[in-house]
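Everything below concerns the one structure shown next.
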Amino acid sequence: MSTTDEILANARARTPGQPYAGAVTPQEAFALLQSDARVKLVDVRTNAERDWVGRPAVADAQHGAVQWSLYPGGAPNPDFATQLQNVAAPDDVILFLCRSGVRSRHAARTATELGYKNAFDILEGFEGDRDAEGHRKTVAGWCKAGLPWVGA
(Lines give C-alpha, C1' and ligand atoms only; values in the text may rest on other atoms or scores of the structure.)
Protein backbone atom coordinates (compact mmCIF):
# COMPACT_ATOMS: atom_id res chain seq x y z
CA MET A 1 0.00 0.00 0.00
CA SER A 2 1.29 3.43 -0.90
CA THR A 3 1.65 6.18 1.66
CA THR A 4 -0.38 9.37 1.58
CA ASP A 5 2.58 11.29 0.18
CA GLU A 6 3.17 8.68 -2.55
CA ILE A 7 -0.48 8.66 -3.61
CA LEU A 8 -0.61 12.46 -3.74
CA ALA A 9 2.66 12.64 -5.68
CA ASN A 10 1.27 10.19 -8.25
CA ALA A 11 -1.97 12.18 -8.40
CA ARG A 12 -0.07 15.40 -9.07
CA ALA A 13 2.02 13.74 -11.79
CA ARG A 14 -1.08 12.27 -13.42
CA THR A 15 -2.49 15.70 -14.38
CA PRO A 16 0.36 17.99 -15.45
CA GLY A 17 -0.76 21.44 -16.46
CA GLN A 18 -4.21 21.18 -14.91
CA PRO A 19 -5.40 24.12 -12.80
CA TYR A 20 -5.88 21.92 -9.72
CA ALA A 21 -3.61 19.70 -7.61
CA GLY A 22 -4.19 16.38 -9.38
CA ALA A 23 -6.41 13.35 -9.81
CA VAL A 24 -6.76 10.13 -7.83
CA THR A 25 -8.36 6.84 -8.73
CA PRO A 26 -11.31 5.71 -6.61
CA GLN A 27 -9.04 3.13 -4.94
CA GLU A 28 -6.46 5.80 -4.12
CA ALA A 29 -9.19 8.07 -2.75
CA PHE A 30 -10.41 5.32 -0.45
CA ALA A 31 -6.86 4.55 0.71
CA LEU A 32 -6.29 8.24 1.49
CA LEU A 33 -9.54 8.45 3.44
CA GLN A 34 -8.56 5.38 5.46
CA SER A 35 -5.07 6.57 6.32
CA ASP A 36 -5.21 10.33 6.80
CA ALA A 37 -7.76 12.28 8.85
CA ARG A 38 -6.90 15.55 7.05
CA VAL A 39 -8.40 14.16 3.83
CA LYS A 40 -11.98 15.17 3.01
CA LEU A 41 -14.25 13.71 0.36
CA VAL A 42 -16.55 16.39 -1.05
CA ASP A 43 -19.43 14.93 -3.06
CA VAL A 44 -20.50 17.53 -5.65
CA ARG A 45 -23.44 15.56 -7.06
CA THR A 46 -26.93 16.89 -6.50
CA ASN A 47 -28.82 16.06 -3.32
CA ALA A 48 -31.18 13.99 -5.47
CA GLU A 49 -28.30 11.89 -6.82
CA ARG A 50 -27.00 11.17 -3.33
CA ASP A 51 -30.52 10.38 -2.06
CA TRP A 52 -31.56 8.18 -5.00
CA VAL A 53 -28.28 6.58 -6.09
CA GLY A 54 -26.22 6.35 -2.91
CA ARG A 55 -22.98 7.71 -1.51
CA PRO A 56 -19.54 6.49 -0.47
CA ALA A 57 -19.47 4.91 2.97
CA VAL A 58 -16.81 7.02 4.65
CA ALA A 59 -16.56 8.57 8.10
CA ASP A 60 -18.95 11.49 8.54
CA ALA A 61 -16.07 13.70 9.68
CA GLN A 62 -14.38 13.14 6.32
CA HIS A 63 -17.46 13.46 4.11
CA GLY A 64 -19.05 16.65 2.89
CA ALA A 65 -21.69 17.42 0.31
CA VAL A 66 -21.67 20.58 -1.79
CA GLN A 67 -23.76 20.53 -4.94
CA TRP A 68 -21.93 21.77 -8.03
CA SER A 69 -25.26 22.30 -9.79
CA LEU A 70 -28.79 22.33 -8.47
CA TYR A 71 -31.62 19.87 -9.08
CA PRO A 72 -33.95 20.27 -10.80
CA GLY A 73 -32.71 22.35 -13.69
CA GLY A 74 -28.94 22.03 -13.38
CA ALA A 75 -28.26 25.69 -12.59
CA PRO A 76 -24.84 26.37 -11.05
CA ASN A 77 -24.87 26.42 -7.25
CA PRO A 78 -24.43 30.12 -6.37
CA ASP A 79 -23.37 29.16 -2.83
CA PHE A 80 -20.66 26.67 -3.80
CA ALA A 81 -17.78 28.69 -2.29
CA THR A 82 -19.56 29.38 1.00
CA GLN A 83 -20.74 25.79 1.36
CA LEU A 84 -17.25 24.48 0.61
CA GLN A 85 -15.87 26.61 3.46
CA ASN A 86 -18.31 24.82 5.78
CA VAL A 87 -16.99 21.34 4.95
CA ALA A 88 -13.26 21.81 4.26
CA ALA A 89 -10.41 24.07 5.32
CA PRO A 90 -8.00 25.60 2.78
CA ASP A 91 -5.17 23.30 3.92
CA ASP A 92 -7.21 20.07 3.82
CA VAL A 93 -6.63 17.52 1.10
CA ILE A 94 -9.97 17.64 -0.72
CA LEU A 95 -11.11 14.84 -2.99
CA PHE A 96 -14.00 15.92 -5.21
CA LEU A 97 -16.46 13.25 -6.37
CA CYS A 98 -19.30 13.38 -8.88
CA ARG A 99 -21.11 10.77 -11.00
CA SER A 100 -18.51 10.24 -13.73
CA GLY A 101 -15.65 12.68 -13.15
CA VAL A 102 -16.72 15.82 -15.02
CA ARG A 103 -18.23 18.05 -12.33
CA SER A 104 -15.51 17.01 -9.89
CA ARG A 105 -12.83 18.41 -12.22
CA HIS A 106 -14.69 21.72 -12.38
CA ALA A 107 -15.09 21.75 -8.60
CA ALA A 108 -11.37 21.03 -8.08
CA ARG A 109 -10.46 23.87 -10.44
CA THR A 110 -12.82 26.29 -8.72
CA ALA A 111 -11.62 25.27 -5.25
CA THR A 112 -8.04 25.92 -6.36
CA GLU A 113 -9.07 29.37 -7.60
CA LEU A 114 -10.63 29.96 -4.15
CA GLY A 115 -7.30 29.22 -2.44
CA TYR A 116 -7.56 25.51 -1.67
CA LYS A 117 -4.07 24.20 -2.42
CA ASN A 118 -4.84 20.48 -2.32
CA ALA A 119 -7.95 20.08 -4.47
CA PHE A 120 -8.05 16.72 -6.29
CA ASP A 121 -10.46 15.16 -8.76
CA ILE A 122 -11.57 11.55 -8.21
CA LEU A 123 -11.30 9.96 -11.64
CA GLU A 124 -14.26 7.93 -12.93
CA GLY A 125 -16.63 9.32 -10.29
CA PHE A 126 -19.10 7.38 -8.18
CA GLU A 127 -20.88 5.52 -10.99
CA GLY A 128 -18.50 5.82 -13.95
CA ASP A 129 -19.48 6.07 -17.60
CA ARG A 130 -22.38 4.20 -19.18
CA ASP A 131 -21.91 0.72 -20.61
CA ALA A 132 -23.24 -0.41 -24.02
CA GLU A 133 -26.76 -0.78 -22.57
CA GLY A 134 -26.67 2.68 -20.98
CA HIS A 135 -26.16 1.44 -17.40
CA ARG A 136 -23.70 2.87 -14.92
CA LYS A 137 -21.68 1.19 -12.15
CA THR A 138 -20.47 -1.49 -14.60
CA VAL A 139 -17.57 0.20 -16.43
CA ALA A 140 -15.66 2.25 -13.88
CA GLY A 141 -16.03 4.36 -10.75
CA TRP A 142 -16.24 3.99 -6.98
CA CYS A 143 -19.02 1.38 -7.12
CA LYS A 144 -17.42 -0.73 -9.88
CA ALA A 145 -14.16 -0.74 -7.88
CA GLY A 146 -16.02 -2.52 -5.07
CA LEU A 147 -15.45 0.27 -2.58
CA PRO A 148 -17.98 0.62 0.25
CA TRP A 149 -21.07 2.68 -0.39
CA VAL A 150 -24.48 3.19 1.11
CA GLY A 151 -27.38 2.59 -1.26
CA ALA A 152 -30.42 4.74 -1.64
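What pairs come up if the first residue lies in the range 90-119 and is under 17 Å from residue 17 (Cα atoms), the second is hydroxyl-bearing (Ser, Thr, Tyr) and surrounded by 24 or more Cβ atoms within 10 Å (Cβ to Cβ), and their beta carbons are under 6 Å apart, counting only those six or more places apart or on different chains? Within 6 Å, the pairs are 108/20; 109/20; 112/20; 119/20. Of the residues making up the range 1-48, those that are surrounded by 20 or more Cβ atoms within 10 Å (Cβ to Cβ) and touching a residue at least 40 places away in the same chain (Cβ under 8 Å) number 19.
Summed over the range 77-110, the residues that are small (Gly, Ala, Ser), out of contact with any Lys or Arg (no Cβ under 8 Å at 6 or more places or on another chain) and within 16 Å of residue 127 (Cα to Cα) give a count of 2. Of the residues in the range 85-96, at least one is within 12 Å of residue 45 (Cβ to Cβ) and not basic (Lys, Arg). Going through (1) out of contact with any strand residue (DSSP E or B) (no Cβ under 8 Å at 6 or more places or on another chain); (2) more than 21 Å from residue 151 (Cβ to Cβ) one by one, residue 7 falls short only on (1). Exactly one residue out of 75, 108 is surrounded by fewer than 22 Cβ atoms within 10 Å (Cβ to Cβ) and at pLDDT 95 or above: that is 75.
The values are calculated or read from the model by the stated rules, or taken from the named source; none is laboratory data. Because the structure is a prediction, the values reported are computed rather than measured. FYI the Cβ positions are ideal-geometry reconstructions off the backbone, even for glycines, and counts take in every protein chain you see.
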